[in-house]
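Just so you know, all these numbers are worked out from the coordinates, no wet-lab data involved. All values reported here derive from a predicted model rather than from experimental measurement. Here the Cβ is made from the backbone with ideal geometry for all residues, glycine too, and neighbour counts use every protein chain on show.
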Amino acid sequence: MDFSDSTLDDHLFGIDTDENPIARLIRAWIDERHAPDLLVFQAALIDDLMQKLHEQGLVVSALQSDESTTEEEHLRITLVKTDMERAKFLIRSYMRVRLHKIEKYAAFILQTTEEQQKLSNAELVHAQRYQQMLANHFHATVLDALPESTHALDQTFPDGTSMITRPDRDHPVFVHARVPCPDVLLPDGDKITLEQGSIHLLRYRTIDTLLARGQVNLV
Amino acid sequence: MALPVSLHASTTPQELEFIAGYDMIEIMPSVRTDRIRVLSGTYGPLDALRTTKVPVWMALHLKARKKCRIVSPAWLSVDYLQDRLAEETSDKAFSLLPFRYAEIAKLLLDSAAEDIESADKIRLILKDIHEARQAKSREGLHQINDVNLRVRNICALELNDIRPSFVKSMDILIKLSPQAQQSHEEEDTFRDWSMGDDSYPVAADSTMETEW
């Protein structure tokens, strides 16, 4: 029996791990959970799944209300429905962790156009409204009673600390190499090879480009 | 909040179990159906007494309705696990087990124990294996440094277990590392260091890859 690291999750769903939308969604979800900054929104994947869920929902309700549906078909329908519920859970989990990061880094995202491109339109609207509400709240509760010079919410202090929370790109993450990867440069100037299937604990910034290219995933 | 605090630091064992539900397993159906097309793939057709590969969640779903018998995976046997346990206790390295062995074993032993030969004995061995491996993974904390740590043959649940302490330790080492000190001194001229440029001040010492 061969369970070496290289087969990690390859046996999930059989072989076509890359093509399988659920496999991709699980990866996107777990990557998002462990990455310190917001990753690019998987728009095509989510749209595709939502569309399929909608279509399947129609088929299922049509079959369920049809009296000629056999018992065998009913069994298959319950399986399809369970699978749909599982997919919905995955989508919700994915959206939730994104929302969490969007709210946490709202000010930073709104400041940086590069970050904004990682959000869907709905997410961007949410970030704007969230930040607006937060600012209104701060003003209504405290700031309006203080002198004007203390009103800023985006100041950087002389010691380099900022009022804007930014993702810590030095945050350590467990990285799994899905394919043979090009050598990565470590912060101390050394180079290492991420063998296919190996798992390393590395700083996020060391592997962020590999992650964006899908060569590694976070575990 | 969008994400409960309990989910911030790591994934939960329940979430890992959910993912392991997509692992493939063989079943011996007792009903006949057409192919089953779901979002995660197409499985079947189910035919009585012919083994078929389906995801674990589907197998357990059918099992709960008494529509199949689960074929215990080859690694979930007393002989195989006993050998691994012997390795765990004699060898410093982790023995080779499926990445999600703990979750799958739990799912199967919880809901389909009657299909697994000597399930009670397997439970005991799994517990011993888990304890032996847990001791080792904690030992690994001694080898942590601020740039890179390779972990071999570790499993999803163990990774989850060590994550909070390992990540925190490495984080502290990073903050104490010479690069961090240097970048702090350069703050005035290079304040956005942490955001844009990917070049690093090279440190004098170079602790390299640690393997365990």
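All told, A:Thr141 falls short of being facing another protein chain (nearest Cβ under 10 Å), over 20 Å from the mean Cα position of the chain (by Cα) and either farther than 24 Å from B:Ser10 by Cβ or not acidic (Asp, Glu) (or both). Does A:Leu124 fit the bill of being away from chain B (no Cβ under 14 Å), surrounded by 14 or more Cβ atoms within 10 Å (Cβ to Cβ) and either touching a helix residue (DSSP H, G or I) at 6+ places or on another chain (Cβ under 9 Å) or in contact (Cβ under 8 Å) with a residue 12 or more places away in the chain (or both)? Answer is yes for this residue. Identify all residues within region B:38-50 that are part of a loop (DSSP other than H, G, I, E, B), surrounded by 13 or more Cβ atoms within 10 Å (Cβ to Cβ) and more than 7 Å from every other protein chain (Cβ to nearest Cβ); write none if there are none. Answer for region B:38-50, where residues must be part of a loop (DSSP other than H, G, I, E, B), surrounded by 13 or more Cβ atoms within 10 Å (Cβ to Cβ) and more than 7 Å from every other protein chain (Cβ to nearest Cβ): B:Gly44, B:Pro45, B:Leu46. Taking region B:1-17, which residues are more than 9 Å from chain A (Cβ to nearest Cβ) and of a type in the set (A, V, I, L, M)? Passing the criteria: B:Val5, B:Ala9, B:Leu16. Does A:Thr165 fit the bill of being among the hydroxyl-bearing types (Ser, Thr, Tyr), facing chain B (nearest Cβ under 9 Å) and out of contact with any strand residue (DSSP E or B) (no Cβ under 8 Å at 6 or more places or on another chain)? Against the criterion (among the hydroxyl-bearing types (Ser, Thr, Tyr), facing chain B (nearest Cβ under 9 Å) and out of contact with any strand residue (DSSP E or B) (no Cβ under 8 Å at 6 or more places or on another chain)), A:Thr165 does not qualify. Does region B:1-17 hold any residues that are in contact with an Asp or Glu (Cβ under 9 Å, 6 or more places away or on another chain) and under 26 Å from A:Leu53 (Cα atoms), and which are they? B:Ala2, B:Leu16, B:Glu17 - these are the residues of region B:1-17 that are in contact with an Asp or Glu (Cβ under 9 Å, 6 or more places away or on another chain) and under 26 Å from A:Leu53 (Cα atoms).
This table checks each residue for (1) surrounded by 14 or more Cβ atoms within 10 Å (Cβ to Cβ); (2) under 22 Å from the mean Cα position of the chain (by Cα); (3) of a type in the set (Phe, Trp, Tyr); (4) not in a loop (DSSP other than H, G, I, E, B).
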| residue | (1), (2), (3), (4) |
| --- | --- |
| A:Thr165 | no, yes, no, no |
| A:Val179 | no, yes, no, no |
| A:Asp188 | yes, no, no, no |
| A:Leu202 | yes, yes, no, yes |
| A:Thr209 | no, yes, no, yes |
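The sole residue among B:Phe94, B:Phe18 that is aromatic (Phe, Trp, Tyr) and in contact with a Lys or Arg (Cβ under 7 Å, 6 or more places away or on another chain) is B:Phe94. In this structure, does A:Lys118 turn out to be farther than 16 Å from A:Arg166 by Cα and of a type in the set (D, E, K, R)? For A:Lys118, the condition - farther than 16 Å from A:Arg166 by Cα and of a type in the set (D, E, K, R) - is not met. Taken over region B:18-37, the residue count meeting the criterion of being among the small types (Gly, Ala, Ser), under 28 Å from A:Leu49 (Cα atoms) and either more than 8 Å from chain A (Cβ to nearest Cβ) or surrounded by fewer than 19 Cβ atoms within 10 Å (Cβ to Cβ) (or both) is 1.
Here is the figure for region A:190-200: residues that are more than 9 Å from chain B (Cβ to nearest Cβ) and in a strand (DSSP E or B) total 1.
Only residues that are surrounded by fewer than 11 Cβ atoms within 10 Å (Cβ to Cβ) and either among the polar types (S, T, N, Q) or under 22 Å from A:Asp31 (Cα atoms) (or both) were counted in region A:62-84, giving 3.
Conditions tested, residue by residue: (1) out of contact with any Cys (no Cβ under 7 Å at 6 or more places or on another chain); (2) facing chain B (nearest Cβ under 8 Å); (3) not in a helix (DSSP H, G or I).
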| residue | (1), (2), (3) |
| --- | --- |
| A:Ile22 | yes, yes, no |
| A:Glu32 | yes, no, no |
| A:Phe41 | yes, no, yes |
| A:Glu67 | yes, no, yes |
| A:His74 | yes, no, no |
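Which residues, counting only those in region B:102-131, are over 25 Å from B:Glu15 (Cβ atoms) and touching a residue at least 40 places away in the same chain (Cβ under 8 Å)? Matches in region B:102-131: B:Asp115, B:Glu117, B:Ser118, B:Lys121, B:Ile125, B:Asp128. Considered as a group, the residues in region B:61-101 that are of a type in the set (A, V, I, L, M) and free of Cβ contacts under 8 Å to residues at least 12 places away in the same chain include one that is farthest from B:Glu26 (Cα to Cα), and that residue is B:Ala86. Does B:Lys66 satisfy the condition of being in contact with a strand residue (DSSP E or B) (Cβ under 9 Å, 6 or more places away or on another chain) and not acidic (Asp, Glu)? Judged against the criteria, B:Lys66 is not a match. Taking B:Tyr101 as the residue in question, decide whether it is crowded, with 19+ Cβ neighbours inside 10 Å and over 27 Å from A:Glu72 (Cβ atoms). Taking the combined requirement at face value, the residue satisfies it.
Mind checking whether some residue in region A:51-61 is surrounded by 18 or more Cβ atoms within 10 Å (Cβ to Cβ), in a helix (DSSP H, G or I), touching an Asp or Glu at 6+ places or on another chain (Cβ under 9 Å) and free of Cβ contacts under 8 Å to residues at least 40 places away in the same chain? Taking every residue of region A:51-61 in turn, at least one turns out to be surrounded by 18 or more Cβ atoms within 10 Å (Cβ to Cβ), in a helix (DSSP H, G or I), touching an Asp or Glu at 6+ places or on another chain (Cβ under 9 Å) and free of Cβ contacts under 8 Å to residues at least 40 places away in the same chain.
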